[in-house]
Structure formats: C-alpha cells, structure tokens
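Heads up: the structure comes next, in structure tokens.
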Amino acid sequence: MPDCSRRPWEPVARCPPEPITRLPGTGRHIALTVDDGASSEVIGAYVEFARDTGARFTFFVTGSFDGWTDHRAELAPLVESGQIQLGNHTWTHPALTELSAKGIADELGRTKRFLKKNFGVDGTPYYRPPFGYHNAAVDAVAADLGYTMPTLWYGSLSDSGLITERYLVQCARKYFRPQTVVIGHANHDPVTKVYPELVEIIRHRKLRMVTLDDYFAS
Ligand SMILES: [Zn+2]
C-alpha cells in the first residue's frame, strides 16, 4: 500500500490506497496523462499545445527516447511552472513484472536520474508501469525509489500504436469525463491534428485539466 504520510504538503484529496485510475472525490477535473515519447515531433507538438492553450497534463516519460532531450529547452519552463508534470515510465518500456528486482530498479532508477538531471524533478511519487503491468514486487521496488503511486488509467485514446484521427476523437468523446485519468501517447501524429477537437470536448463538458500534483498536492 502506498505510504503518503511522508509528503511535506497537505493533500487536497485523500491519498488513494490503490493504484490511481480515477480522481477521487467530486468535481469536473480530468487528468490527461501522455506516455512514452517515441516521436520527438509529437512531444514537441504537445509542448506547443500546452503553450497555446494553457492545457495542464502529465507526461509519463520513457527516458530512452531522444525527444525528451530534443525538447528540453521548451519543456523545462512548463515543468518549472507546474503546467506540465513529469512522471516515470521506465527507461526502455519493459514489462516490469518480467524483471528481477534489480532490473526493475535499473529501469526506474535510470529515468529517475534522467529526469532529475534534465528537468530538476524526479517524478516521485508517480510512476506508470508499462502496459499497466505491475504487482506487489514491482510496487515494492518502485516505492523504495520514492514511486509510491502506481498510476494507471480509466480510459485510453488508444494511440500507443497508429490509429486514425477520427477514432482518436471517438475515444476522447468516450473517456473525457469528470474525474477520470485518461492515457494518451506521444508516439504517432494523429493526436497533433485533433487538438482543437479535444479542446472543444473539454470546453463543452466544462472539464478542468489538471496535473496529478494539481489534484493530489497543493
Ligand atoms: Zn507506455
């Protein structure tokens, strides 16, 4: 069970005892989380999207992808201001449940050091296990590194692989709901063509985009 007792701030919401899939409590918040970063261009487009619209979201960084350093200069100020949050999504995106304790620690530890060096944050306490695969052993190693909050999701834009823009917007219509955690990916460019549609869904439904820290920390 995650230990939230050592946090130096007062949580605005009770720290959930289980992996995060939704935002506890009531309201019209939505936590968009964007994973991987296989495409440097898509990372750049997301950063521009944030700058253009004020959108707040969380990147779960797979550290081995070059795009995170390619866009460090534009991304760093947004991380600094808190508009974009960074979490740990391992170094090479393995199924952590297949690895030894040392293997798990290496994967999370390398991205932890990468984030700290490049952005001055380490993403704790949030980590996202690749494919959502985690178990008590994985969570224990992660917690030793400060990642006490395995962060899963409620709904997905289904764009870890290449899909059509139309399908992506359908997924957004389905899952952009109050108090949800939604997963997208910075891997393929369809999402970069439909930002206006995503913003329209969020505005029409009166949803408020939040980072995980926005919601769980203050
Ligand atoms: Zn992933």
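Name the helices (runs of 4 or more DSSP H) wholly within segment 165-218 that hold at least 3 residues that are over 25 Å from residue 150 (Cβ atoms)?
Numbers: elements: 165-175, 190-193, 195-204, 212-216.
Output list reads 165-175, 190-193, 195-204.
Residue-by-condition table, conditions (1) at pLDDT 95 or above; (2) farther than 20 Å from residue 176 by Cβ:
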{"site": "20", "(1), (2)": "no, no"}
{"site": "33", "(1), (2)": "yes, no"}
{"site": "41", "(1), (2)": "yes, yes"}
{"site": "53", "(1), (2)": "yes, no"}
{"site": "59", "(1), (2)": "yes, no"}
{"site": "64", "(1), (2)": "yes, yes"}
{"site": "70", "(1), (2)": "yes, yes"}
{"site": "97", "(1), (2)": "yes, yes"}
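Search segment 89-148 for residues being crowded, with 20+ Cβ neighbours inside 10 Å and basic (Lys, Arg), and hand back the single one that is nearest to the ligand (Cβ to nearest atom). My answer is 128. Of everything listed in (1) among the hydrophobic types (A, V, I, L, M, F, W, C); (2) within 10 Å of residue 30 (Cβ to Cβ); (3) within 16 Å of the ligand (Cβ to nearest atom); (4) touching a helix residue (DSSP H, G or I) at 6+ places or on another chain (Cβ under 6 Å), the single unmet condition for residue 186 is (2). Residues considered: 211, 124, 192, 164. Of these, the only one that is at pLDDT 95 or above and in contact with a strand residue (DSSP E or B) (Cβ under 7 Å, 6 or more places away or on another chain) is 211. Answer with yes or no whether residue 159 is within 16 Å of the ligand (Cβ to nearest atom), in contact with a Leu (Cβ under 6 Å, 6 or more places away or on another chain) and outside any helix (DSSP H, G or I). Against the criterion (within 16 Å of the ligand (Cβ to nearest atom), in contact with a Leu (Cβ under 6 Å, 6 or more places away or on another chain) and outside any helix (DSSP H, G or I)), residue 159 qualifies. Counting only residues that are charged (D, E, K, R) and surrounded by fewer than 16 Cβ atoms within 10 Å (Cβ to Cβ), which one in segment 48-88 is nearest to residue 130 (Cα to Cα)? Checking each candidate, the answer is 66. Every condition in (1) crowded, with 17+ Cβ neighbours inside 10 Å; (2) among the basic types (Lys, Arg); (3) modelled with pLDDT under 95 is met by residue 14 except one, and the failing one is (1). Residue 42 falls short on exactly one of the conditions (1) farther than 24 Å from residue 165 by Cβ; (2) crowded, with 17+ Cβ neighbours inside 10 Å, and that condition is (1).
Within segment 189-218, the set of residues being among the aromatic types (Phe, Trp, Tyr) and farther than 22 Å from residue 25 by Cβ comprises just one member, 195.
The values are calculated or read from the model by the stated rules, or taken from the named source; none is laboratory data. Note that this is a predicted model, so its numbers are computed, not measured. We place every Cβ from the backbone using ideal geometry, glycine too, and count neighbours over all the protein chains shown.
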